[in-house]
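The values are calculated or read from the model by the stated rules, or taken from the named source; none is laboratory data. Everything numeric here is computed off the predicted structure, so don't read it as measured data. So basically every Cβ, Gly included, is an ideal-geometry build from the backbone, and we count neighbours across all protein chains shown.
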Amino acid sequence: MVSRVIPVDTFDLVIFGGTGDLAHRKILPGLYRRFVAGQMPEDARVIGAARAELDDSKYREEVRGALREYVDAQRFNEDHVAAFLSQLHYVQIDAQGETGWKDLHALMRDGVVKAFYFSVAPSLFGDLAERLHSHSIADSASRIVVEKPFGRDLASARALNQTLAEHFDETQIYRIDHYLGKETVQNLMAVRFGNVLFEPLWNAQYVDHIQITVAETVGVAGRGSYYDKSGAMRDMVQNHLMQLLCLIAMEPPSRFDPDAVRDEKLKVIRALEPVDPTDIVRGQYEGKGKSDSYHEDVEDDESRTESFIAMKLHVSNWRWAGTPFYIRTGKRLKARQSEIAVVFKDAPHSIFGASAGRHRNILTIRLQPNEGMTLGVTIKEPGPGGMRLIDVPLDMTFADALGPDNDAVPEAYERLVMDVVRGNQTLFMRGDEVEAAWAWTDPIIEGWQGNDDRPLPYEPGTSGPEESAMLLHRANRRWREIRE
Ligand code: BG6
């Protein structure tokens, strides 16, 4: 495979919150990798903006430390780092006051792409948007990037959308869901719509059910105060799992362009039926030792926030009527494993008789780690003595299939930041999509609050509460194993 670097126009990218955790861990290392790949123009500039009293040289030193920590050792090259840092600047700014805005204005150039990354608390979005305009720093071609969480319910998401809309047009707003920047997540669309093989079978007539699993081994220690107010439903389901479900369930868009794709995703969200409470299992990890428990990690013995959730969903449209989507995600599980499994129905008639057993084709798309696809195919078990059937995997690991250049595949943040510079919104959420996702989520969360629902305890290092398996057992189905 030959990796191609498509040049982008030169830019001034301002990162509000440029000294923060996300900037250090994801945004700046992502930009550095694009720099090394040769995609960042030599005269492009990245401007960190934050409250801390720093200057360009102190900021560059701080970022050097972040790159050393968060960039793979083999990509960390002193010459590259020095050249990248020379394109970095810093402005001390007060989001809610007047300090620094004139300096920022003086730094920005005309005639280049201007992008503003709001890597700050959502409560500051309005202040930033207003000052960018009152100081004539942003114009009608500028772009802003905002992070999740985009609100914590429909009302707050609407309010945020309205605040941003006072100063920016929807075509200027890039709402990040970093799952959309993952290579394998985009592959879902390539697999579905680039092959003739799968799409004719991609419906309730042939698909028994679909499973979406996003399992994590990490707990919430260190970010308990954020997480405990969110839980798995707000933190993962409303956004990342919802996006995966949309890409799996949506109708083929007429073109791979931002509105065509987002229109189809929106239709899926709007077709989601309300969820029956008996189709939801919430869990909370609780180890034997105190240090192994969710309560300890969030420092609240009474917390009822879920760190695990499994649900059975229905997309109520012609294509999916009667085919359930089982989704689950959780912290402190057995392994880090994200995958989607499309479980096809049995062949309509078995010519081999009951003794051949029951066999099903399963298409598994591994999102991370070990990215790839496996198609379970039924064949004859070798040997004499009649026709016995076994299932074998047609297995493809992308890294093997694509060769060593697969290494050059950009990570989610680097791709998304470059898409902002390019002005391509396809992999970003539109305001109506986010609102529709909250409109579906809100009644579910309200239901738990209304009936005093408590999550079920589960041992760290397992697949979550046993009741999650029951969700599928009831219909004679089973989760695919989370493998260590
Ligand atoms: C974030 C969530 O959006 O995604 C985290 O807030 C979660 O709780 C993370 O751990 C998972 O992302 P990834 O890329 O590691 O799968």
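Based on this model, can you work out whether Gly289 counts as of a type outside the set (Val, Ile, Thr), surrounded by fewer than 23 Cβ atoms within 10 Å (Cβ to Cβ), out of contact with any strand residue (DSSP E or B) (no Cβ under 6 Å at 6 or more places or on another chain) and at pLDDT below 95?
yes
Within the stretch 397-420, restricting attention to residues that are out of contact with any His (no Cβ under 6 Å at 6 or more places or on another chain), within 15 Å of the ligand (Cβ to nearest atom) and closer than 14 Å to His178 by Cβ, which residue is modelled with the lowest pLDDT?
Across the stretch 397-420, the extreme among qualifying residues is Pro410.
When the residues of the stretch 218-236 are narrowed to those that are aliphatic (A, V, I, L, M) and away from the ligand (no atom under 11 Å from the Cβ), which ends up surrounded by the most Cβ atoms within 10 Å (Cβ to Cβ)?
Met233
Return the only residue of Val420, Val377, Val392 being within 21 Å of the chain's Cα centre (by Cα) and either of a type outside the set (Gly, Ala, Ser) or surrounded by 16 or more Cβ atoms within 10 Å (Cβ to Cβ) (or both).
Matching residue, one of Val420, Val377, Val392: Val420.
So Asp208 fits all but one of (1) more than 22 Å from the chain's Cα centre (by Cα); (2) within 10 Å of the ligand (Cβ to nearest atom); what number is the exception?
(2)
Specify the residue that is farthest from Arg454 (Cα to Cα); the eligible residues are those in the stretch 305-333 that are of a type in the set (A, V, I, L, M) and more than 14 Å from the ligand (Cβ to nearest atom).
Ala321
In the stretch 167-179, how many are in contact (Cβ under 8 Å) with a residue 60 or more places away in the chain, buried (at least 19 other Cβ atoms within 10 Å of the Cβ) and away from the ligand (no atom under 11 Å from the Cβ)?
Count: 3.
What are the residue pairs meeting all of these: first residue in the stretch 1-15, first residue farther than 12 Å from Pro41 by Cα and part of a loop (DSSP other than H, G, I, E, B), second residue among the hydrophobic types (A, V, I, L, M, F, W, C) and at pLDDT below 90, Cβ atoms under 6 Å, and 6 or more apart or on different chains?
Once the first residue is farther than 12 Å from Pro41 by Cα and part of a loop (DSSP other than H, G, I, E, B) and sits in the stretch 1-15, its partners that are among the hydrophobic types (A, V, I, L, M, F, W, C) and at pLDDT below 90 give Met1/Leu402; Ser3/Ala408.
Please count how many residues of the stretch 334-348 are within 14 Å of the ligand (Cβ to nearest atom), farther than 14 Å from Thr374 by Cα and of a type in the set (Asp, Glu).
Selection size over the stretch 334-348: 0.
Test Ala190 against the stated conditions and say whether it is within 13 Å of the ligand (Cβ to nearest atom), within 22 Å of the chain's Cα centre (by Cα) and over 21 Å from Ile482 (Cα atoms).
No: the conditions fail for Ala190.
Please work out which one of (1) on the phi > 0 side of the Ramachandran plot; (2) within 16 Å of the ligand (Cβ to nearest atom); (3) not hydrophobic (A, V, I, L, M, F, W, C) is the condition Glu183 fails and give its number.
So the condition that Glu183 fails would be (1).
Can you pull out the helices (runs of 4 or more DSSP H) entirely within the stretch 217-276 that have at least 1 residues that are aromatic (Phe, Trp, Tyr)?
Once the helices (runs of 4 or more DSSP H) in the stretch 217-276 are filtered for at least 1 residues that are aromatic (Phe, Trp, Tyr), what remains is 224-232.
Of the residues Phe125, Phe116, which is at pLDDT below 95, closer than 20 Å to Thr19 by Cα, crowded, with 19+ Cβ neighbours inside 10 Å and more than 16 Å from the ligand (Cβ to nearest atom)?
Only one candidate passes the filter, namely Phe125.
Determine, yes or no, whether Glu199 is within 12 Å of the ligand (Cβ to nearest atom) and among the acidic types (Asp, Glu).
In short, no.
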